[in-house]
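First comes the structure, then the notes that go with it.
What follows is calculated from the coordinates using simple rules that are stated; it is not laboratory data. Since the model is a prediction, treat every value here as computed from it, not as a measurement. Cβ atoms come from the backbone with ideal geometry, glycine included; neighbour counts cover every protein chain shown.
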Amino acid sequence: MSLKRVAFVQEFLVNLGFLKKPHSVNRSIVPETLPGIAASTVRELTRLRAMLPAGTPFTVLVVPTRFEIRDNTPIFAELRRAVIGELIKNEIPMVDPLLAFKLTGFGPTHFKHDGHWSALGHRIAADALANRLKLAE
């Protein structure tokens, strides 16, 4: 575990196929599919919301991808904006913590060797959502 944290050792192990490149994109997204992906996602959220008793608070946390936070990858920014647009069109409240993640930076908000949030990343998302829910009261 310690050895794979050394850059040249990690690169060597990746080249041999023993490790996957950290924080790599596993699937590509075709730009033409973004509207359909966003619409389908929001349709499912609308169905989920309809299953709840009337008056149940419902807010969607739009989770920014690590590639958008770290690299400003355009396709993921476009996907996030498409989902947000669909949420707005369908009058579904949402929270987008991207700016807070970007201000804090990728390193402190994510574990070093995978794409999951660190405790700080979880805190940023939780605070953004809690603040939105307080406004809704």
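Observations on the model:
- Packing-based order for 46-55, 96-105, 79-88, 122-131, using average beta carbon neighbours within 10 Å, highest first: 79-88, 96-105, 122-131, 46-55
- Cβ-derived FRET efficiency at R0 25 Å, GLU91 paired with ALA130, nearest 0.05: 0.70
- Straight-distance crosslink candidates among aspartates and glutamates, where the alpha carbon sits under 20 Å from LYS102 and sequence neighbours closer than 8 are dropped: GLU68, ASP71, GLU78, ASP114, ASP127
- Residues of the range 52-86 with an amide N closer than 17 Å to a point placed 7 Å from the Cα of ILE37 along the Cα-to-Cβ direction: 62-86.
- With the alpha-carbon atoms of the range 49-120 aligned to their principal axes, the span from lowest to highest coordinate is 42, 26, 19 Å, starting with the largest.
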